[in-house]
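Take a look at the structure set out below.
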Amino acid sequence: MNRFVAAERALRRAAPHQLPDVVHEVLRSQYGADAVEFLMADYGLTVLQPVTPAAGRPEPLPVHSSPAGRAFGSQEPFAEERGDGRVRLHLPVSVRGDRLGVLSVTMDRAAWDRADVPELAEVAQVLGHEVVVAERDTDMYQRARRTDRLTLAAEMQWQLLPARSCSQPEYALGAQLEPAYAIFGDNFDWSAGADRLLLYITNGMGQGIGASLLTNLGINALRNARRAGIPIADQAALADQAIYAQYRGDAHLSVLLLDLELSTGRMQVVDAGSPRMLRLRDRTVSAVDFEAQLPLGMFEETDYTAQEFRLRPGDRLVFVSDGVHAVAAPGGERYGEHALSRAVTATRLLPAADVPAAVIRELSGHRGSAEPEDDALVACLDWFGTRQTA
């Protein structure tokens, strides 16, 4: 049995809460590591936190100015030379494009010279897959992701989300919510299949638990219709009925529904509310407007229609909630489409997974405070083209 197979087998057999200990033991015995540390990105994507018991936990590392953060951002292994004759190798831990954290492995120079970095990177990927499975049975990794206590509304919203990023040969997708620890009604959801990608950008009215309950009802109604194989216009109609039946028009959910056909780049869109979409094509940013339809739940038995939109290879779509495009600076100036277009242009060289956080940082500078008064949701979709033309 080779050492990678031994490592993979040990991780797959480990108890959910023992993965950090098992990966440490495997890398020590099979690869000659002196020290191993598993760090996870927090909800705000600002720090990498060690997955260790709370007592004696080391300080978290910044995502944007640390060697481990460099590996996390680039999604490539990064070797850090140390002055004591040892090397610390930082390996990204991700699952199908969803970036979870970093596995840092310290070894002496002799062991480093014998190391197989691509193989170690594969061990880190196996760890990521096992963490996703283990989260069904333990809170250990959820706790490691937070630097502060989440509000109950935020807890409900994060449990509703699919991931923060995903990728396939045809596309890359990333999204982020702020404030990460006190979000209310904004949400995103997606479902990736062999032939299509469905994406929802939602903005629920209200605050706190009420907004979270409304969004939970709307997203689960949309998922229920989607999993029945129903087109997006009918998904919107069924979710509209579910929300109206519960709230009788007193609460509604704004949503932008998109159904992307991967073989052609053809997109069906239902615009039912306030989320906006911008397109970056050939270095030019333009707002894409669709026929405005009623938010879900305003009236009984509303009909919805889908419009068609086509993507070209190289297109980037950026989606924002009203907590982004309508936010005001201290002087009253709205962020607006001009500033948003400038932010999209400035981040054009970043991968899709990094764009949302970068735009939100730009937004924080505009409003003049770190904490927004409303949710801010940014999602980014890069379209590479079909497998034949990519």
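The values are calculated or read from the model by the stated rules, or taken from the named source; none is laboratory data. What you are looking at is a predicted structure, and each value in this text was computed from that prediction instead of being measured. Glycine gets a Cβ as well: all are built from the backbone with ideal geometry, and neighbour counts include every protein chain shown. Side chains are part of the model used for accessible areas, which takes the heavy atoms of the whole protein and leaves out ligands, DNA and RNA. Shrake-Rupley method; radii C 1.70, N 1.55, O 1.52, S 1.80 Å.
General remarks:
- Answer from Glu37, Glu76 - the residue that is open to solvent by 50 Å² or more (accessible area, probe 1.4 Å), in contact with a Ser or Thr (Cβ under 8 Å, 6 or more places away or on another chain) and in contact (Cβ under 8 Å) with a residue 12 or more places away in the chain: Glu37
- Candidate set: the stretch 89-112, residues that are among the basic types (Lys, Arg) and under 21 Å from the mean Cα position of the chain (by Cα); chosen: the one surrounded by the most Cβ atoms within 10 Å (Cβ to Cβ): Arg99
- Helices (runs of 4 or more DSSP H) lying entirely in the stretch 84-190 (those with 2 or more residues that are charged (D, E, K, R) and at pLDDT below 95): 109-114
- Leu214, sole failed condition from (1) within 16 Å of Val320 (Cα to Cα); (2) touching a His at 6+ places or on another chain (Cβ under 9 Å); (3) not β-branched (Val, Ile, Thr): (1)
- In the set (1) out of contact with any Lys or Arg (no Cβ under 6 Å at 6 or more places or on another chain); (2) of a type outside the set (Ser, Thr, Tyr); (3) at pLDDT 95 or above; (4) closer than 28 Å to Asp84 by Cα, the condition left unmet by Met40 is number (1).
- Single residue of Arg283, Arg279, Arg227 found to be under 25 Å from the mean Cα position of the chain (by Cα), open to solvent by 10 Å² or more (accessible area, probe 1.4 Å) and more than 30 Å from Ala346 (Cα to Cα): Arg227
- From the list Ala233, Ala237, the one residue that fits, being touching a helix residue (DSSP H, G or I) at 6+ places or on another chain (Cβ under 9 Å), buried (at least 16 other Cβ atoms within 10 Å of the Cβ) and either among the small types (Gly, Ala, Ser) or at positive phi (or both), is Ala237.
- Conditions (1) open to solvent by less than 20 Å² (accessible area, probe 1.4 Å); (2) in contact with an Asp or Glu (Cβ under 8 Å, 6 or more places away or on another chain): number failed by Arg86: (1)
- Residues of the stretch 113-172 satisfying the condition of being open to solvent by 50 Å² or more (accessible area, probe 1.4 Å), within 15 Å of Gly97 (Cα to Cα) and among the aliphatic types (A, V, I, L, M): Val132
- Within the stretch 269-323, the residues that satisfy the criterion of being closer than 30 Å to Ala245 by Cα and aliphatic (A, V, I, L, M) are Val269, Val270, Ala272, Met277, Ala292, Leu294, Leu296, Met298, Ala306, Val320.
- Among residues of the stretch 338-349, those that are crowded, with 18+ Cβ neighbours inside 10 Å and under 10 Å from Arg316 (Cβ atoms), counted: 2
- For Ala339: the one exception among (1) at pLDDT below 95; (2) among the aliphatic types (A, V, I, L, M); (3) closer than 28 Å to Leu100 by Cα: (3)
- Qualifying position, being over 15 Å from Glu170 (Cβ atoms), at pLDDT below 65 and of a type outside the set (A, V, I, L, M), among Gly368, Gly323: Gly368
- Inter-residue pairs, beta-carbon under 9 Å, first under 15 Å from Thr215 (Cβ atoms) and in the stretch 249-264, second of a type in the set (S, T, N, Q) and open to solvent by 10 Å² or more (accessible area, probe 1.4 Å), 6+ apart: Leu253/Asn203; Ser254/Asn203; Ser254/Ser274; Val255/Asn203; Leu256/Asn203; Leu256/Ser274; Leu257/Gln268
- Residues of the stretch 172-196 satisfying the condition of being more than 19 Å from Thr386 (Cβ to Cβ) and among the hydrophobic types (A, V, I, L, M, F, W, C): Ala175, Leu177, Ala180, Ala182, Ile183, Phe184, Phe188
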